[in-house]
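One structure is given here, and the rest of the page talks about it.
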Number of protein chains: 2
Amino acid sequence: MSITVVGSVAFDAVKTPFGERERMLGGAATHFALAASFFDQVHVVGRVGADFSDADLDVVATRGTSIADIERVPDGKTFFWVGEYGWDLNSRETLDTQLNVFEDFQPRLSESSRDCDVLFLANIQPELQLGVLEQCGQVQFVAMDSMNLWIDIARPALEEVIRRVDCLMLNDAELRQLTARPSIVSAARDVLELGPTVVVVKQGEYGAALITEDQFFALPAYPLERVVDPTGAGDTFAGGFVGYLARHRDKPFTQPVVRLAMAYGTALASFNVEEFGTERVERLSAAEVDGRVEELRRITQFEHTLAPLETS
Amino acid sequence: MSITVVGSVAFDAVKTPFGERERMLGGAATHFALAASFFDQVHVVGRVGADFSDADLDVVATRGTSIADIERVPDGKTFFWVGEYGWDLNSRETLDTQLNVFEDFQPRLSESSRDCDVLFLANIQPELQLGVLEQCGQVQFVAMDSMNLWIDIARPALEEVIRRVDCLMLNDAELRQLTARPSIVSAARDVLELGPTVVVVKQGEYGAALITEDQFFALPAYPLERVVDPTGAGDTFAGGFVGYLARHRDKPFTQPVVRLAMAYGTALASFNVEEFGTERVERLSAAEVDGRVEELRRITQFEHTLAPLETS
């Protein structure tokens with residue numbers, strides 16, 4: 001009973017209007033694992049360099065996550081991303097991307113990682129995602145992320161991965177680019193025709209939407225007075241969403257479960273952005289997450305109890 | 001018992017990826033009235049030219065709206081706006097703005113218009129909004145809109161209007177510009193300190209949020225497979241929101257009322273964008289509006305019924 005995530009484990013240098021970090025722990029698999037570890041046993045498959053310390057590994061291992069499949073390359077350097085956010089944190093610029101040991105990453109999953117119930121393919125080359133799928137024969141549920149780069153330069157492989165997963169998670173601009181459809185509803189329908197049963201559209205500070213053949217569900221983001229660093233919010237959301245589905249895998253696509261999965265993803269992402277990198281989610285408690293899900297419910301629900309327009 | 005709206009009654013020329021109209025009925029007061037007229041008697045205060053036909057006036061008068069305070073200038077031309085939307089309808093460019101008779105618009109309210117319970121100051125020069133406020137001494141509830149132009153060139157007058165209204169409705173970029181705060185929550189708190197009791201943040205295709213001293217509420221937009229023309233969506237939203245509050249003015253700021261007001265605004269705006277200009281809302285029925293509010297409830301609600309993380 002476990003979740004495997006394959007993706008980047010990295011260092012980030014980030015500058016936001018609220019401060020900066022010259023080197024902090026990051027990477028899609030790291031953020032995903034820190035969130036998903038609230039729900040189930042997580043295995044991280046990744047590759048780091050000699051500069052990645054035992055203390056860094058300890059953070060990835062928070063809440064019992066297995067780091068056995070993180071290869072540490074003795075003479076290599078860890079993937080390093082440098083970015084800067086604009087004033088309202090809605091725009092970000094990548095200043096530098098040093099792939100380092102990630103350039104030759106060829107995910108090799110141990111038996112424990114292959115033996116997962118749920119697999120998350122974080123944003124890496126579609127060819128590598130396909131390779132992981134081939135190693136995981138028995139997995140019950142596969143979710144994936146991707147990015148504009150792969151839509152641009154590796155579309156056939158990307159479409160092949162999409163055909164083989166259960167859930168595609170993209171931000172709204174990527175989904176529009178992938179499908180050439182301006183409406184996210186129509187765009188999601190195109191994706192569902194390829195194979196997935198669920199499309200999750202991440203909308204950053206505005207929230208997220210979930211679309212299946214017969215359901216639509218949308219949640220605004222949790223309102224914050226101060227967002228310090230949005231890096232990793234999408235992967236933290238994915239960790240909460242996929243983690244919640246994994247925990248309730250006896251009834252994974254019933255309406256209460258997918259909606260609460262969206263709520264847990266939203267709550268976790270909101271904590272992630274309150275501090276730099278992994279700083280907030282590292283020390284987060286289950287009670288805090290539950291509390292924010294309940295608050296999110298409180299600020300989004302309404303009853304249609306008053307007289308309707310037509311009859312009054 | 002009535003709602004007065006003061007603002008533009010206009011013609012628009014619009015090009016979207018789904019077609020174009022060389023001249024269609026538009027203007028903030030028109031869109032507002034078409035939505036608000038579902039809830040209460042509406043009075044429109046505006047100014048048009050000789051090119052504005054009786055048939056155009058008949059549309060503004062849909063559902064009993066009074067057009068007695070729309071002045072028709074015999075030798076003048078009606079305000080004309082020309083715009084074009086980008087592929088995903090999130091960006092729009094103003095190609096031409098011909099103020100025409102609107103340039104010398106000095107709102108003069110008849111006794112019936114002054115005698116309203118609820119007043120909506122659509123987006124016009126803040127000085128004119130102040131003039132209207134001075135004519136309406138007894139009004140119970142005043143809501144207002146504005147735009148980036150007035151923040152740029154008429155900030156002192158704009159702030160004076162904001163101090164004197166109950167509700168400020170702006171889009172998120174305008175609210176950020178007004179307050180120089182990146183977070184809409186913090187930005188709204190700054191506005192509440194000036195005087196209003198409610199701030200409504202319009203977020204276009206993403207929905208809307210409402211902030212008071214002790215409440216936050218957010219709703220995603222109603223999902224549509226095809227958005228044809230977003231022109232007037234914000235004013236239609238305002239008409240639904242303000243209209244609903246006017247109808248329930250015995251308990252205007254209780255939680256069920258403001259939340260349903262947000263839902264009615266959202267539902268009405270979603271109809272507005274399905275066709276060009278006023279075409280869809282003109283022939284809309286109360287039952288259709290109620291139906292979409294109920295659907296909106298269905299796709300945004302979740303129960304926190306499963307075991308919380310902490311105890312399971």
For the protein assembly as shown, what does the helix formula give at 222 nm: sum of -39500 (n - 2.57) over DSSP H segments with n ≥ 4, over the residue count, nearest 500 deg cm²/dmol?
-10500 deg cm²/dmol
Give me the residues in the stretch A:211-238 whose solvent-accessible area, probe 1.4 Å, is reduced by at least 40 Å² once all protein chains are included instead of the chain isolated.
A:PHE216, A:ALA218, A:PRO220, A:PRO223, A:GLU225
Mind checking the mean number of beta-carbon atoms from other chains within 10 Å of the Cβ atoms in B:199-210?
3
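Rounded to the nearest 5, what % of DSSP beta bridges with both residues in the protein assembly as shown are antiparallel?
Values: 40 of 104 bridges.
Counting only bridges with both partners in the protein assembly as shown, antiparallel ones make up about 40 percent.
Need one word for the protein assembly as shown: rounded, prolate or oblate. Basis is the Cα gyration tensor (sqrt eigenvalues a ≥ b ≥ c); a/c below 1.5 gives rounded, then a/b vs b/c decides.
Values: a/c = 2.12, a/b = 2.12, b/c = 1.00.
Cα axes put the protein assembly as shown in the prolate bin.
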Fully extended contour minus Cα-Cα distance, from A:LEU224 to A:ASP75, at 0.36 nm per residue
49.4 nm
Please report the carbon-and-sulfur percent of the accessible area for the stretch B:68-178; probe 1.4 Å, protein heavy atoms only, DNA, RNA and ligands left out.
44 percent
Just to be sure I understand: of the beta bridges DSSP finds with both ends in the stretch B:125-216, what percent are antiparallel, rounded to 5?
40 percent
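Keeping every protein chain present and rolling a 1.4 Å probe, give me the accessible area per residue for the stretch B:1-116 in Å².
Normalised by residue count, the accessible surface of the stretch B:1-116 is 43 Å².
What's the total accessible area buried between chains B and A, using a 1.4 Å probe, rounded to the nearest 100 Å²?
Numbers: alone 14330 and 14360 Å², together 23570 Å².
Counting both chains, the buried surface is close to 5100 Å².
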Would you be so kind as to identify all helices of chain A, as entire DSSP H runs, whose Cα atoms reach 20 Å or more along the helix's own axis and whose mean Kyte-Doolittle hydropathy is at least -0.5?
A:233-247, A:255-272
Nearest the rotation axis from B to A, which residue of chain B has its beta carbon, and at what whole-angstrom distance?
B:TYR206, 2
Can you tell me which of B:LEU121, B:LEU130, B:LEU168 moves the most in a GNM of chain B? Springs connect C-alpha atoms under 10 Å apart.
B:LEU130
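Where a ≥ b ≥ c are the square roots of the eigenvalues of the C-alpha gyration tensor, would you call the stretch B:8-56 rounded, which needs a/c under 1.5, or, failing that, prolate if a/b is larger than b/c, or oblate? If you can, show how the numbers build up before the last one.
Values: a/c = 2.62, a/b = 1.42, b/c = 1.85.
Oblate, since a/c reaches 1.5 and b/c is not below a/b.
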For chain A, built as a Gaussian network whose Cα springs stay under 10 Å, the top-fluctuating residue of A:ASN90, A:ASN100, A:ASN171:
A:ASN90
Which of rounded, prolate or oblate describes the stretch A:47-126 when judged by the alpha-carbon gyration tensor and an a/c cut-off of 1.5?
prolate
Taking the label point 7 Å from Cα along the Cα-Cβ vector, the copy-to-copy distances for A:GLU111, listed from shortest in nm with one decimal, are 9.3
Compute a Gaussian network model of chain B, connecting alpha carbons closer than 10 Å, and tell me which residue from B:ARG189, B:ARG108, B:ARG181 fluctuates the most.
B:ARG181
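Percentage of Cα-Cα pair distances in the stretch A:217-286 greater than 20 Å, rounded to whole percent?
Numbers: 678 of 2415 pairs.
Of all Cα-Cα pairs in the stretch A:217-286, 28 percent lie more than 20 Å apart.
Within the set B:LYS15/B:LYS77; A:LYS202/B:LYS202; A:LYS202/B:LYS15, which residue pairs have Cα atoms separated by over 24 Å? Mind showing how you got there, number by number?
On the way: B:LYS15/B:LYS77 22 Å; A:LYS202/B:LYS202 19 Å; A:LYS202/B:LYS15 29 Å.
Where the Cα-Cα span goes over 24 Å, the pairs concerned are A:LYS202/B:LYS15.
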Using the Cα atoms of the stretch B:87-144, I'd like the radius of gyration and the largest Cα-Cα distance, Dmax, both in angstrom.
15.2, 46
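Which percent of the accessible heavy-atom area of the stretch A:234-285 goes to carbon and sulfur, probe 1.4 angstrom? Could you put the intermediate results ahead of the total?
Working: 660 of 1300 Å².
Here it works out to 51 percent.
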B:GLU134 label points, 7 Å along Cα→Cβ, one per copy: pairwise distances from this copy to the rest in nm, shortest first?
7.9
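What number comes out for the charge environment of B:GLN129, summing +1 per Lys or Arg and -1 per Asp or Glu over other residues with Cβ under 12 Å away?
With Lys, Arg at +1 and Asp, Glu at -1, the net is -3.
The values are calculated or read from the model by the stated rules, or taken from the named source; none is laboratory data. Just so it is clear, the model here is predicted, and its values are computed rather than measured. Positions of Cβ are generated from backbone atoms using ideal geometry, with glycine treated the same way; all protein chains shown enter the neighbour counts. Keep in mind that these areas ignore ligands, DNA and RNA; they rest on the heavy atoms of the full protein, side chains included. Shrake-Rupley method; radii C 1.70, N 1.55, O 1.52, S 1.80 Å.
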